[in-house]
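The values are calculated or read from the model by the stated rules, or taken from the named source; none is laboratory data. None of the values given here were measured: they were computed from a predicted structure. Note: ideal-geometry Cβ built from the backbone for every residue, glycine included; neighbour counts use all protein chains shown.
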Amino acid sequence: MTLHYVPIINLAPYFSGEPDGKAAVAQAVNQACKDIGFLAITEHQIPKELIDKVSGLTRQFFDLPLAEKRKVDRPSPEMVRGYSAIAEESLSYSLEESAPGDLKESFSIGPSNVPNEDYYHNAEAGSHFAPNVWPAEALLPGFKPDWPCAQSGLKLHR
């Protein structure tokens, strides 16, 4: 069955520890990504306080003047770290199609504590484990220490 709506996926069966629950959630996420490319989740177990904190910091970042956001631009197109302005990225590029850029801004980070091991730093790793790019602490107090907390919250569920 092909989905024609954005599904709401309850993650509770995944966290139950039962293999069937994990498989059912994985199948639902897989189908949503293939059919729609988007999904909503419930019962994710991420504390509301963490969501609110990171959401507030994110709003503060995107409310900055463009010149300030540009100070943390992506170092290179293949490095998904830092700020990307409106129309600088496009999903169509990944499909090898030419189209106007996406009408969105983004700020991306990767893992904060990358081990000093060859796996993370060899040529095949590419820029997947590149250092993060951060706004100045004076500009956005708490942004650098608190934003990775969201990743930590998500890692609890892997």
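Structure notes:
- Contact map, region 109-134: residues that are within 11 Å of V80 (Cα to Cα) paired with residues that are among the small types (G, A, S), Cβ distance under 6 Å, separation 6+ or inter-chain. Pairs shown: V133/G82.
- Among the residues making up region 103-121, a single one is acidic (D, E) and surrounded by 14 or more Cβ atoms within 10 Å (Cβ to Cβ): E105.
- Residue among L66, L57 that is modelled with pLDDT of 90 or more, under 22 Å from G110 (Cβ atoms) and either surrounded by fewer than 15 Cβ atoms within 10 Å (Cβ to Cβ) or not assigned by TED's automatic domain parsing to the domain that holds P13 (or both): L57
- Considering region 122-133, and only residues there that are of a type outside the set (V, I, T) and closer than 14 Å to M79 by Cβ, the residue that is surrounded by the fewest Cβ atoms within 10 Å (Cβ to Cβ) turns out to be G126.
- Only listed residue being touching a Phe, Trp or Tyr at 6+ places or on another chain (Cβ under 6 Å), surrounded by 15 or more Cβ atoms within 10 Å (Cβ to Cβ) and free of Cβ contacts under 8 Å to residues at least 24 places away in the same chain, chosen from V72, V25: V25
- The set of residues in region 1-27 being aliphatic (A, V, I, L, M), more than 20 Å from the chain's Cα centre (by Cα) and farther than 18 Å from I46 by Cβ consists of M1, L3, A23, A24.
- Only a single criterion out of (1) among the hydroxyl-bearing types (S, T, Y); (2) modelled with pLDDT of 90 or more; (3) part of a loop (DSSP other than H, G, I, E, B) is not satisfied by Y119, namely (3).
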